[in-house]
Every structure is written in structure tokens, then in C-alpha cells.
Amino acid sequence: MRLTCSSDPIFNIFCSKTFWLLSPVAMSLNRSSELRVLQICHDYEGPFRLVCRQYNEAFPDANVTTVYLRGKSSDEITSATGGNKVIYLENEEGALRGIKFSLIFQLRKLFREDHFDVVIAHRYKSIYLAGIMSYFFGPFLILGIAHEHNVFKRITRSLFVTFWRRQIHLIAVSRSVARNIETSCSSLASQGRIHTLGNAISEECELIDRTTARKELGLTEDSFVFGTVGRLVEKKNFETLLSAFAEADLDQSSRLVILGTGPLETELRALSGLLGIEDRVAFVGYIDQAVRYYPGFDCFVFPAGDKEAFGVVLLEAMFSGLAILASDAPGPDDVLGDVGIRFSGREDLSRKLKEVYSLSEEQRKAMGEEGRQRYKREFTFQHFAKHLRSLPPLASINRVVSSPPVES
């Protein structure tokens with residue numbers, strides 16, 4: 001049996017690390033009657049700056065700090081993120097892989113200087129880091145946001161949230177993600193530690209008019225435009241969309257516009273050439289706040305399938321009042337409900353492209369209005385804040401903001 005003493009190297013290492021983290025500075029926390037919230041996010045790429053903003057907006061009377069683990073400091077990102085403070089740790093991409101003590105050291109400094117009642121952690125790396133910090137600087141509530149399927153498929157991740165850090169509550173962005181979590185962490189459901197809450201977008205999104213949008217996208221007024229937005233990666237299923245668009249054999253004035261960049265861009269451009277549609281497909285590239293250009297589309301197409309957990313661009317399409325054609329996968333279906341037209345597979349997508357093309361402008365507008373009304377009912381910041389703050393783990397915090405925003 002090992003006797004712990006000053007000559008025991010294992011004991012010394014443990015004690016030195018524990019003392020270093022639990023020093024008087026670490027324990028002299030700034031405790032006040034104000035609810036203090038920390039939000040940890042891997043970076044601000046894609047929709048995540050707006051995702052962070054929706055959580056910041058949910059705590060208007062709290063002190064909220066957002067930490068981006070990766071990405072350079074930016075006044076523009078700070079403004080878009082909101083909250084009281086935005087901190088950029090400016091790590092390189094490789095620093096987020098595996099167990100990185102440098103990240104722990106960086107966060108340790110923040111937790112030594114402040115006390116947090118709630119930590120919101122996006123994606124597993126942030127959840128893991130929050131759990132490590134809670135071991136030394138807790139107790140505090142951790143809300144781990146699961147944005148993808150199969151996040152907790154690894155047994156080590158499942159054990160971490162299930163047994164080692166029991167104050168972690170998981171928020172799935174869709175019912176399909178919640179069901180997926182249950183398959184890996186079945187005990188969390190019986191413990192009431194899995195919740196479902198979709199993302200939201202602000203009603204303050206600015207849209208430019210159709211004529212201007214088309215001019216800036218290089219489109220003519222008389223073209224029928226199918227638009228889509230997303231990273232050019234496998235799970236977005238753009239290869240299927242290109243093939244279906246070619247098979248639909250629509251009028252030569254029809255166009256497919258793709259906003260986004262990614263590793264498959266060269267391959268997708270080559271495919272459009274092989275299919276003979278390169279002159280009717282526009283790879284526009286990345287556009288910041290792409291939602292502004294949605295009025296230039298006649299129909300929004302969302303080809304991503306079962307790997308897609310949610311789809312913020314679907315919220316933007318509903319907000320913009322567009323007719324929507326989307327896959328019948330569980331994630332997109334959770335977002336759209338009974339809005340839009342669904343397809344299953346390439347051949348069905350080809351048929352549905354023809355179907356939407358044949359609709360009158362009035363019919364497409366009616367479809368778009370249904371989407372706009374669903375957005376207003378389910379996906380505004382006000383709706384998000386109300387439901388987030390009514391979740392049992394937040395409702396149990398004595399200092400949670402008492403009066404949630406009133407929905408209009």
C-alpha cells in the first residue's frame with residue numbers, strides 16, 4: 001500500500017497541481033448577487049458567432065463573458081457576439097485536438113479571476129474543458145450544447161458527462177440529436193440531464209431587395225434561381241444536388257447558386273462540368289451575412305441528409321419568406337415541421353425541383369409565408385430565451401434572471 005508523504009513523487013505532483021489551481025488567488029472569487037455566465041466556443045466560424053449571440057441575448061440582466069478558443073481578435077466579431085466581454089485565446093487549429101494543457105492553463109487564469117454560476121460550452125472540447133475547470137473551481141452549472149450527431153459515441157466522452165461530471169446538462173439542438181445522445185448516454189435521460197432547444201436567429205437580420213441581390217450575385221431578373229448556402233463538405237450533399245439539377249433538365253434560364261467554400265469546391269466544380277451544367281451553376285464563394293442575399297432566390301434548397309443535425313440556414317430561409325425544398329432527414333425535419341417540400345434521394349430531388357419550378361409565384365410566396373410564420377412562432381431570440389431560462393437546471397439557480405423577455 002502506498003503511503004502518501006512528502007517523498008512520494010506521485011503525491012507531490014498531485015498536491016503541487018492542486019495547490020497551484022486552488023491557491024488563495026483562485027479561491028478569492030468575485031461573488032455577487034449578479035448572475036455571471038461564461039460561454040466557451042471553439043471559434044466564431046460559420047454560424048457560431050450568431051449562436052453565441054443568441055445565448056448572450058438570453059441573459060440580458062446577467063454579466064456574460066464569451067471565450068473563443070481559436071481565432072484572431074476582431075472588433076467586428078466582438079460586436080456580432082454581444083454580451084459584456086469577448087475574450088480571444090487565439091489558439092491555432094491543432095491546439096484544439098486531444099488533451100491540451102495549454103488550453104487548461106489559459107482557462108485556469110480566467111477562472112482564478114472570476115466566479116461563474118453558469119458555463120455554456122459549445123461542442124465537446126469546450127464541454128470537456130468546462131468539466132475540468134469545475135473540478136477545481138466549482139460548483140457551477142455546465143450547459144453542454146450538442147450541435148452534431150455522435151458527439152458522445154466515444155466511451156470516454158460518454159463516461160465523462162455521465163459519471164465524472166454530474167453537473168453537466170446537455171442541450172441538443174434538435175430531437176434527432178437528443179435521441180442520438182440517449183443511445184450513448186442512456187442514464188442521462190432518466191436523470192433529466194438531456195434537453196432539446198433549437199437555435200434561433202435575430203429578427204434584426206437585414207435583407208436587401210431582390211434586384212440588388214441578383215445584381216451583386218451576377219444573376220439576371222428573368223432567371224429562376226435555386227439557392228443554397230453551406231460549407232462545401234461531404235455532409236452537405238451538394239454532389240446530389242448538382243446531379244439532381246442536371247437530371248431535372250429545366251429551362252436553360254434556370255440557375256443553381258451555391259454560397260460557400262470548402263475542401264470539395266474543386267471536385268464540385270469539376271462535377272458540374274461533367275454534367276454539362278457549368279454555365280448554369282454559380283459557385284459564389286463565402287459571403288458574410290449571406291442571408292441578406294436570400295431575396296435573390298426563388299427557392300431555397302437544403303440537400304443535407306441524415307448527418308445534418310439542424311441547419312441554421314433553414315431558419316434564415318424561413319425568415320426570408322422563401323419556398324423551401326429540403327431532405328426528409330430528421331434534423332432538417334425538426335426545424336421545418338410542416339413547412340416546405342421534402343425529398344428523399346437524388347431522383348426524388350430531381351422531381352421536386354421540377355415541381356417547385358412549375359409553381360406560380362403566388363404559390364411560392366404562400367409557401368414562404370408559412371415558413372416566415374413558423375420562424376416567428378418558434379425561432380426568434382425571444383422564444384429561445386424564454387425556453388432556455390425555463391429549463392429545470394437554470395430555473396433551479398437562485399440568481400437566475402427573474403423576468404424573461406416578453407414575446408411580441
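Give me LYS307, LYS352 sorted ascending by neighbouring Cβ count inside 10 Å, so fewest comes first.
Lowest to highest Cβ neighbour count: LYS307, LYS352.
Multiply the residue separation of LEU275 and CYS205 by 0.36 nm, subtract the distance between their alpha-carbon atoms, and state the gained length in nm to one decimal.
21.6 nm
What is the sum of charges around GLN363, taking Lys and Arg as +1, Asp and Glu as -1, for the other residues whose C-beta is under 12 Å from the C-beta of GLN363? Please report the intermediate quantities before stating the final value.
Values: positive: ARG364, LYS365; negative: ASP298, GLU355, GLU361, GLU362, GLU369, GLU370.
Around GLN363, the charge tally is -4.
Compute a Gaussian network model of the chain, connecting alpha carbons closer than 10 Å, and tell me which residue from GLU93, GLU148, GLU247 fluctuates the most.
Highest fluctuation among the options: GLU93.
Which lysines does LYS386 reach when only Cα atoms under 25 Å apart count, and residues fewer than 8 places away in its own chain are ignored?
Result set, ordered by chain and number: LYS85, LYS376.
Could you check which residue among ILE324, ILE287, ILE132 shows the biggest mean-square fluctuation in a GNM of the chain with a 10 Å Cα cutoff?
In the Gaussian network model the winner is ILE287.
List the extent of the Cα atoms of the range 36-103 along each of their three principal axes, largest first, rounded to whole Å.
35, 23, 17
Would you order TYR135, TYR44, TYR357 from fewest to most other beta-carbon atoms within 10 Å of each residue's own beta-carbon?
Taking fewest neighbouring Cβ atoms as first place, the list is TYR135, TYR357, TYR44.
Once fully extended, how much extra length lies between GLN252 and GLU239, figured as 0.36 nm per residue of separation less the alpha-carbon to alpha-carbon distance?
This chain segment gains 2.7 nm when fully extended.
Once the range 210-379 is represented by equal point scatterers at the alpha-carbon sites, with solvent omitted, what log10 I(q)/I(0) does the Debye formula produce at q = 0.16 Å⁻¹?
Log10 I(q)/I(0), no solvent term: -0.88.
How large are Rg and Dmax for the chain when only the alpha carbon atoms are used, in Å?
23.6, 83
Using only Cα atoms, what Kirkwood radius does the range 123-192 have, in angstroms?
Value: 12.0 Å, from the Cα pair sum.
Between ARG175 and GLU361, with labels modelled 7 Å along Cα→Cβ, what's the label distance in nm to one decimal, could you check?
3.7 nm
Among LEU256, LEU241, LEU110, which one moves the most in a GNM of the chain with springs linking Cα atoms closer than 10 Å?
Highest fluctuation among the options: LEU110.
Cut-off is 10 Å between beta-carbons; in what order do SER33, SER254, SER186 appear when sorted fewest neighbours first?
By the 10 Å Cβ count, ascending: SER33, SER186, SER254.
Give the lysines reachable from LYS235 as a straight Cα distance under 20 Å; neighbours fewer than 8 places away on the same chain don't count.
Straight-distance partners of LYS235: LYS153, LYS307.
Among the aspartates and glutamates, which fall within straight-line cross-link reach of LYS72, defined as a Cα-Cα distance under 20 Å, with same-chain neighbours fewer than 8 residues apart omitted?
Partners within reach: ASP43, GLU45, GLU90, GLU92, GLU93, ASP288.
Using a Förster radius of 30 Å, what is the FRET efficiency between ASN84 and ALA189 based on their Cβ-Cβ separation? Nearest 0.05, please.
0.30
None of the figures in this text is laboratory data; all of them are computed from the coordinates on show. What you see is a predicted model; the values in this text were computed from it and never measured. Positions of Cβ are backbone-derived with ideal geometry, glycine not excepted, and every protein chain shown enters the neighbour counts.
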